[in-house]
Every structure is written in structure tokens, then in C-alpha cells.
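Colleague: Dropping the structure in here first, questions after.
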Amino acid sequence: MIDQLRRAAISVSLNIAEGSGKNTNSQQYHCYSIARAEDMECAAVMDILECMRILDAKSAEQAKELLENVVAILSAVCNK
């Protein structure tokens with residue numbers, strides 16, 4: 001699970017960076033939508049880690065709050 005979380009988190013950052021370097025809106029949208037999906041995957045992993053009692057509820061909630069903020073920003077960018 002930790003490896004899955006690490007890969008998804010790295011993918012979020014890399015897709016945001018890649019999208020910011022694209023020239024067209026459709027290319028940016030593609031990268032940002034992938035980043036949004038990977039961010040949602042991170043949130044799902046947080047839920048699983050909490051259910052498995054690997055992560056305490058407070059830490060999981062804090063992480064998911066940050067992830068929700070990123071999803072909101074990416075959703076706003078994708079819906080322009």
C-alpha cells in the first residue's frame with residue numbers, strides 16, 4: 001500500500017508539472033485530469049490504511065483534507 005501511495009503521489013506532481021508545460025488547453029486538461037485521478041487514488045489508499053489501522057484517524061483525515069483541496073483546484077482548472 002505504501003508503495004502504491006508513493007507512486008500515485010509522485011504521479012500527481014509529475015502530471016501537474018507536465019500539464020503546466022503544455023501549449024494547448026486539451027493537452028493541459030489531459031495531464032491535469034490524470035493528476036486529479038491519481039490524487040483520488042491517494043485518498044482511497046488513505047482510507048484503506050486507516051481501515052487497516054496502519055494510519056490513525058486524525059492523520060488520515062488531515063491527509064484527505066489536503067488531497068481534497070488539490071482535487072478541488074484541479075477540478076476548477078479542468079472545468080475552465
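The values are calculated or read from the model by the stated rules, or taken from the named source; none is laboratory data. Treat the numbers as computed from the prediction; the structure is a model and nothing was measured. Glycine also receives a Cβ, built like all others from the backbone with ideal geometry; neighbour counts cover every protein chain displayed. Ligands, DNA and RNA are stripped out before the accessible areas are found, and what is left, the full protein with its side chains, is counted by its heavy atoms. Shrake-Rupley method; radii C 1.70, N 1.55, O 1.52, S 1.80 Å.
Colleague: Test of understanding: in a Gaussian network model of the chain with alpha carbons linked when under 10 Å, which of Asn69, Asn15, Asn23 would top the mean-square fluctuation ranking?
Modeller: Taking springs between Cα atoms under 10 Å, the residue moving most is Asn23.
Colleague: Calculate for the chain the 222 nm mean residue ellipticity that helices alone would give, adding -39,500 (n - 2.57) per DSSP H run of length 4 or more and normalising by residue count, nearest 500 deg cm²/dmol.
Modeller: -30000 deg cm²/dmol
Colleague: Along its three principal axes, how long is the chain when you only count alpha carbons? Whole Å, largest extent first please.
Modeller: On the principal axes, the chain reaches 44, 22, 12 Å in Cα extent.
Colleague: If you don't mind, there's one more thing I want to ask. How large is ³J(HN,Hα) for each residue in the stretch 26-43, as worked out from phi by the Karplus curve 6.51 cos²θ - 1.76 cosθ + 1.60 (θ = phi - 60°), to whole Hz, x for Gly and Pro?
Modeller: Ordered by residue, 3J(HN,Hα) equals 5, 5, 5, 4, 4, 5, 5, 6, 5, 4, 4, 5, 5, 5, 5, 5, 4, 5 Hz.
Colleague: Still on this structure: Amide H neighbours of Leu55 under 5 Å, at least 5 residues apart or on other chains, H built in the peptide plane: list them.
Modeller: Under 5 Å from the amide H of Leu55 lie the amide H atoms of Glu50, each far enough along the sequence or on another chain.
Colleague: Please report the projected area of the stretch 35-75's Cα convex hull averaged over all directions, in nm².
Modeller: 2.4
Colleague: Another question about this same structure. May I ask you to give the solvent-accessible area per residue for the chain, in square angstrom, as obtained with a 1.4 angstrom probe?
Modeller: Ligands and nucleic acids excluded, the result is 66 Å² per residue.
Colleague: Another question, if that's okay. How big is the charge dipole of the chain about its Cα centre, in debye rounded to the nearest 20, if each Lys and Arg gets +1 on its Cβ and each Asp and Glu gets -1 on its Cβ?
Modeller: 260
Colleague: Taking the Cβ of Met40 as the centre, find all other residues whose Cβ is under 15 Å away and add up their charges (Lys, Arg: +1; Asp, Glu: -1).
Modeller: -3
Colleague: Using a 1.4 Å probe over the heavy atoms of the protein chains, calculate the carbon and sulfur portion of the accessible area of the chain as a whole percent.
Modeller: Result for the chain: 57 percent of the exposed heavy-atom area is carbon or sulfur.
Colleague: Separate question: So for the chain, taking the charge dipole from beta-carbon charges (+1 Lys/Arg, -1 Asp/Glu), which of Asn69, Ile34, Cys51 sits furthest toward the positive end?
Modeller: Ile34
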